[in-house]
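Report on the following structure.
The values are calculated or read from the model by the stated rules, or taken from the named source; none is laboratory data. Remember, it's a predicted structure, so these values are computed and weren't measured experimentally. Positions of Cβ are backbone-derived with ideal geometry, glycine not excepted, and every protein chain shown enters the neighbour counts.
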Ligand code: NAD
Ligand code: AHE
Ligand code: ZN
């Protein structure tokens with residue numbers, strides 16, 4: 001079939017909207033009509049050329065929601081008409097990783113996914129002249145139609161609006177999951193969140209749900225303050241307005257350091273600050289942000305010797321086929337909020353404008369509706 005997609009032809013260039021060929025689903029695969037997709041900072045990171053796994057031409061996008069149009073041979077858990085959320089972290093429920101309760105990182109298709117192809121090593125997308133186009137994070141939600149492995153789709157209730165629940169495909173689940181699954185924050189904890197964008201706000205929302213008593217937000221963009229307060233931030237710190245040492249300031253503000261700190265910026269300098277602003281003896285610092293190729297984290301080992309723990313999280317530690325339908329229920333039951341964070345609804349033709357607004361700090365989440 002033919003479908004319309006925003007194609008990233010090369011790093012550092014705006015995407016181009018074009019008709020592309022899409023082959024039907026092979027064994028174990030599913031054809032999905034994407035109804036809406038969010039724009040995550042990770043898409044921007046890959047488009048910029050900073051992603052070691054970034055390869056072009058590719059169809060980016062990994063935060064979508066849509067409807068099953070066709071199922072390939074052997075697919076048993078989904079049928080035509082089902083509403084689904086694509087999963088860049090799949091859940092096969094059979095591999096060594098899925099069988100270990102300590103991780104959500106299903107590895108069954110990770111190698112081919114990282115190369116931009118389906119599990120059989122080929123792409124379903126191509127240009128009209130036949131040139132193959134790569135998939136991205138196994139999702140490629142910047143295409144009106146896409147093909148995914150069955151294990152990379154969460155089936156969700158049909159009354160949930162696509163233009164809101166697409167955000168559960170990455171940002172909402174990552175932020176809330178980092179608090180609940182990865183840090184396992186206890187009631188009364190003090191926390192510091194670095195980066196108040198589409199992920200950091202969901203960390204704040206998760207911290208409020210978990211009963212944190214102090215939620216300090218740190219961002220260099222004061223435009224983020226109002227929304228962060230709305231979601232539960234109790235104190236705001238702009239590093240550019242702190243005279244002297246930022247770590248010392250945060251340690252004083254939290255009475256010794258955060259019980260939990262979270263990096264949602266992708267800046268390795270910020271990651272160090274987050275670790276060092278966590279409490280001596282027991283503080284845990286969770287890295288969510290994705291850093292550019294070649295970037296490395298550093299701190300004095302003494303910071304860890306004296307009881308701080310450095311952790312990371314992918315997709316908030318969530319097991320997608322199991323957890324994502326529950327998070328959709330939380331949204332539909334009013335237990336979590338999504339609507340205020342979706343600041344812009346765009347057409348696919350406006351997708352590059354969406355990334356410009358992300359760069360300018362004018363948006364929290366832009367969502368493309370097909
Ligand atoms: P975003 O652009 O919406 O937000 C980033 C925020 O960080 C902005 O508000 C920006 O002003 C702030 N910021 C930038 N530099 C800063 C600094 N030096 N100090 C304080 N604040 C600073 O991005 P997002 O969509 O929220 O994504 C955040 C990060 O999380 C990105 O690196 C993204 O790739 C990553 N991410 C990781 C996962 C995961 O599973 N680990 C999932 C989604 C996103
Ligand atoms: N390809 C990059 C790493 C990118 C990365 O860390 N991705 C996160 C999800 S970001 C979603 O917005 C993730 O889930 N990582 C686990 C994994 O297996 O990719 C690189 O550095 O090579
Ligand atoms: Zn993302």
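Quick one: residue 226 ticks every box in (1) more than 21 Å from the chain's Cα centre (by Cα); (2) surrounded by 24 or more Cβ atoms within 10 Å (Cβ to Cβ) except a single one, so which number is it?
If we test residue 226 against (1) more than 21 Å from the chain's Cα centre (by Cα); (2) surrounded by 24 or more Cβ atoms within 10 Å (Cβ to Cβ), just (2) comes out false.
Which ranges mark the strands (runs of 3 or more DSSP E) fully within segment 299-370 that have 2 or more residues being within 24 Å of residue 273 (Cα to Cα)?
309-312
For segment 135-152, which residues satisfy the criterion of being in contact with a helix residue (DSSP H, G or I) (Cβ under 8 Å, 6 or more places away or on another chain), more than 16 Å from ligand 3 (Cβ to nearest atom) and not in a loop (DSSP other than H, G, I, E, B)?
Answer for segment 135-152, where residues must be in contact with a helix residue (DSSP H, G or I) (Cβ under 8 Å, 6 or more places away or on another chain), more than 16 Å from ligand 3 (Cβ to nearest atom) and not in a loop (DSSP other than H, G, I, E, B): just 151.
Taking segment 160-176 as the region of interest, how many residues are part of a loop (DSSP other than H, G, I, E, B) and more than 9 Å from ligand 1 (Cβ to nearest atom)?
2
Which members of segment 93-134 meet the condition of being in contact (Cβ under 8 Å) with a residue 24 or more places away in the chain and either in a helix (DSSP H, G or I) or within 16 Å of ligand 3 (Cβ to nearest atom) (or both)?
104, 105, 113, 114, listed by residue number.
If I go through segment 27-60 residue by residue, how many of them are more than 10 Å from ligand 1 (Cβ to nearest atom) and in contact with a helix residue (DSSP H, G or I) (Cβ under 6 Å, 6 or more places away or on another chain)?
8
Do we find a residue being free of Cβ contacts under 8 Å to residues at least 40 places away in the same chain and either more than 26 Å from residue 343 (Cα to Cα) or more than 16 Å from ligand 3 (Cβ to nearest atom) (or both) anywhere in segment 258-266?
No, the conditions are met nowhere in segment 258-266.
I'd like to verify a number: residues in segment 30-41 that are buried (at least 23 other Cβ atoms within 10 Å of the Cβ) and within 12 Å of ligand 2 (Cβ to nearest atom), how many?
Number satisfying all stated conditions: 3.
In segment 156-165, how many residues are touching a strand residue (DSSP E or B) at 6+ places or on another chain (Cβ under 6 Å) and either outside the structural domain of residue 106 (by TED's automatic domain parsing) or away from ligand 3 (no atom under 16 Å from the Cβ) (or both)?
Of the residues in that region, 4 qualify.
I'm trying to understand the selection: among the residues of segment 111-137, which are exposed (fewer than 15 other Cβ atoms within 10 Å of the Cβ) and within 21 Å of the chain's Cα centre (by Cα)?
Of everything in segment 111-137, those that are exposed (fewer than 15 other Cβ atoms within 10 Å of the Cβ) and within 21 Å of the chain's Cα centre (by Cα) turn out to be 111, 114, 115.
Given the residues 180, 165, which is the only one that is surrounded by fewer than 24 Cβ atoms within 10 Å (Cβ to Cβ), away from ligand 2 (no atom under 16 Å from the Cβ), under 30 Å from residue 148 (Cβ atoms) and within 19 Å of the chain's Cα centre (by Cα)?
After ruling out the rest, the residue left standing is 180.
Condition first: within 11 Å of ligand 1 (Cβ to nearest atom) and over 17 Å from residue 314 (Cα atoms). Now tell me which residues in segment 198-219 satisfy that.
Of everything in segment 198-219, those that are within 11 Å of ligand 1 (Cβ to nearest atom) and over 17 Å from residue 314 (Cα atoms) turn out to be 217, 218, 219.
Checking residue 90 against (1) within 16 Å of ligand 1 (Cβ to nearest atom); (2) in contact with a strand residue (DSSP E or B) (Cβ under 7 Å, 6 or more places away or on another chain); (3) assigned to a loop (DSSP other than H, G, I, E, B); (4) farther than 14 Å from residue 149 by Cα, which test does it fail?
With respect to (1) within 16 Å of ligand 1 (Cβ to nearest atom); (2) in contact with a strand residue (DSSP E or B) (Cβ under 7 Å, 6 or more places away or on another chain); (3) assigned to a loop (DSSP other than H, G, I, E, B); (4) farther than 14 Å from residue 149 by Cα, residue 90 is out only on (4).
Is there a residue in segment 42-56 that is within 17 Å of residue 86 (Cβ to Cβ), touching a strand residue (DSSP E or B) at 6+ places or on another chain (Cβ under 6 Å) and buried (at least 23 other Cβ atoms within 10 Å of the Cβ)?
Taking every residue of segment 42-56 in turn, none turns out to be within 17 Å of residue 86 (Cβ to Cβ), touching a strand residue (DSSP E or B) at 6+ places or on another chain (Cβ under 6 Å) and buried (at least 23 other Cβ atoms within 10 Å of the Cβ).
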